[in-house]
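Okay, so here's the structure we're looking at.
No value in this document is a laboratory result; all are computed from the given coordinates. Every value quoted in this text rests on a predicted model; they were computed, and no experiment measured them. Quick reminder, even Gly has a Cβ in these numbers, built from the backbone with ideal geometry, and neighbours come from all protein chains shown.
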Amino acid sequence: MEKINLTINGQEIEATKGMTVLEAAQSADVYIPTLCHYPDLEPYGGCRLCIVEIENMRGLLTACTTPATEGMHVTTESPAINEVRRMTLELMLSTHPCDCLECHRRERCGPYDVCLRHVAVTDRCVVCPSNGTCELQKVVDYMVVRELRVSKDTKSVPVDISNPFFDIDRNRCILCARCVRACQEITGVGAIDMAYRGYAMKVATFGDTPLMDSICRSCGECMVRCPVGALTPKETFHPEREVKTICPYCGVGCQMYLGVKNEQVVCIRGDEEGPANHGRLCVKGRFGIAEFVNHPERLTTPLVRKNGQLEEASWEEALAAVAGKLGNYKGDEVAVISSAKSTNEDNYVMQKFVRAVLGTNNIDHCARL
């Protein structure tokens, strides 16, 4: 790929032609705050936090939408930049419910602690499901915001809990439009969009109906890109370790990481390095594995019927029993049901066995499970 050279904060940087200023800075570990940018989404420039000064260019430009060019001189920090950036952030915080974002005591807070500075506040960062992973927290800490110069104007709206897998809390939404862009650019569904104008603007479905009444496919691509706690799973878990695997549901081969805690699958995330899915998952891959893997009624050993009762048996005993029974039938007298919850390799071997050994095409993948 063709390379270009530019200067950021006096540091000479080599970048790939076609990169934006923000991408070039990130490739050189130069931090520029941003909340609307996401690597696999088109440049948006909505949050206005990534503004920079560029030599011989007028005004303050958004780094996420400005192409990097040969010989460009960029400044990411200056009194003018910081003043505009801080005011933008304060306006964003003025409509955000978590007052302790700008509190220097935040790290020492406990859930529902009474705060001497904001006695009436109970909705604190420590009870936010995104606490510790919230990108707004990171920007606030970087900008060292300790108090707001504008008055708080938080309005409370009902949380949309209609979706069985994740909730939409518009009280925490910062209108970065990442979720909207993911739904339109990645999945191509377009179940949500930016609705209304001015102070009434919000992320909404067509007709402003509950999410479950829309064309949403519950894939969760919007949820994983939300920088704050506006889109969160029904249950939030912090796994002890992760196990890399491949989704068993279909033949695409989506790679994923299973989050494991106490030997139970508690969460799932797509592998961004996966060549087939690049971190993306469908509703079955993201939300449809942990339940059946952890289900208390899931069979973990074969069962063989003896004297009218199903009893646990070894695999050798079970396979011998099946082989003995199959010997009594020929060709199309036999039908085999495989499972969409088995691996693709197991299903391939099963259909090969049915066609080549049993001599029948009577096999169903059972994808309706």
Debye equation applied to the C-alpha atoms of segment 199-281, log10 I(q)/I(0) at 0.18, 0.27 Å⁻¹: -0.92, -1.35
Residues whose modelled amide H sits under 5 Å from the amide H of ASP271, counting only those 5 or more places away in sequence or on another chain, are GLN255, MET256, TYR257, GLY279
Estimate the FRET efficiency between LEU148 and VAL189 by the formula 1/(1 + (r/R0)^6), using the beta-carbon distance for r and 45 Å for R0, to the nearest 0.05. 0.75
What number in nm² do you get for segment 303-364 if you take the convex hull of its Cα atoms and divide its surface by four? 4.9 nm²
Please list, in chain and number order, the residues 5+ apart from THR20 or on another chain whose amide H is under 5 Å from its amide H, with Hs placed from the backbone. ALA68
Calculate the FRET efficiency for TYR199 and GLU83 from the Cβ-Cβ distance with a Förster distance of 22 Å, rounded to the nearest 0.05. 0.40
Please find, in a Gaussian network model of the chain (springs between Cα atoms separated by less than 10 Å), the residue of MET19, MET256, MET223 whose mean-square fluctuation is greatest. MET19
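Regarding the chain, what is the average projected area of its C-alpha convex hull, in nm²?
Over every viewing direction, the Cα hull of the chain projects on average to 25.9 nm².
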Per principal axis, descending, Cα span of segment 177-234 in whole Å: 28, 24, 24
Got a sec? Which residues in segment 175-199 would a label at THR209 touch, if it sits 7 Å along Cα→Cβ and we count backbone N under 14 Å? 191-192
Please work out the Kirkwood hydrodynamic radius for segment 129-199, using every pair of different C-alpha atoms, and report it in angstroms with one decimal place. 14.9 Å
Extended-chain gain in nm, criterion 0.36 nm per residue less alpha-carbon gap, VAL304 and GLU70: 77.0 nm
Can you list which of the DSSP-assigned H helices in the chain have a Cα extent of 15 Å or more along the long axis and an average Kyte-Doolittle score of at least -1.0? 79-94, 315-326
With an 8 Å Cα cut-off and a minimum separation of 6 or more residues, compute the relative contact order for the chain in percent. 10 percent
Kindly provide the trypsin sites (Lys or Arg not before Pro) of segment 139-191 that DSSP labels as loop, not H, G, I, E or B, and whose Cβ sees at most 14 other Cβ atoms within 10 Å. ARG146, ARG149, LYS152, LYS155
In vacuo Debye scattering of segment 3-77, one point per C-alpha: log10 I(q)/I(0) at q = 0.16, 0.17, 0.26, 0.27 Å⁻¹? -0.48, -0.54, -1.32, -1.41
Send over the semi-axes of segment 184-325's equivalent ellipsoid, whole angstrom and largest first, taken as the square roots of 5 times the C-alpha gyration tensor eigenvalues. 41, 17, 16
What number does segment 241-294 give for Rg over Rh if you use C-alpha atoms and the Kirkwood radius? 0.94
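Say a site is exposed when it is one of the chymotrypsin sites (Phe, Trp or Tyr not before Pro), sits in a DSSP loop, and has at most 14 other Cβ atoms within 10 Å; what is then the longest site-free stretch of the chain?
Answer from the scan: 238-328.
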Show the residues, 5+ positions off or on another chain, whose built amide H is closer than 5 Å to the amide H of VAL266. GLY259, VAL260, LYS261
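Between GLU263 and GLU316, what FRET efficiency follows from the Cβ-Cβ distance if R0 is 35 Å, with the result rounded to 0.05?
0.85
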Ordered by fewest other Cβ atoms within 10 Å, a rough proxy for footprinting exposure, ASP160, ASP208, ASP141 read ASP208, ASP141, ASP160
Expected 222 nm ellipticity per residue - DSSP helices of 4 or more, -39500 (n - 2.57), all of the chain, to 500: -5500 deg cm²/dmol
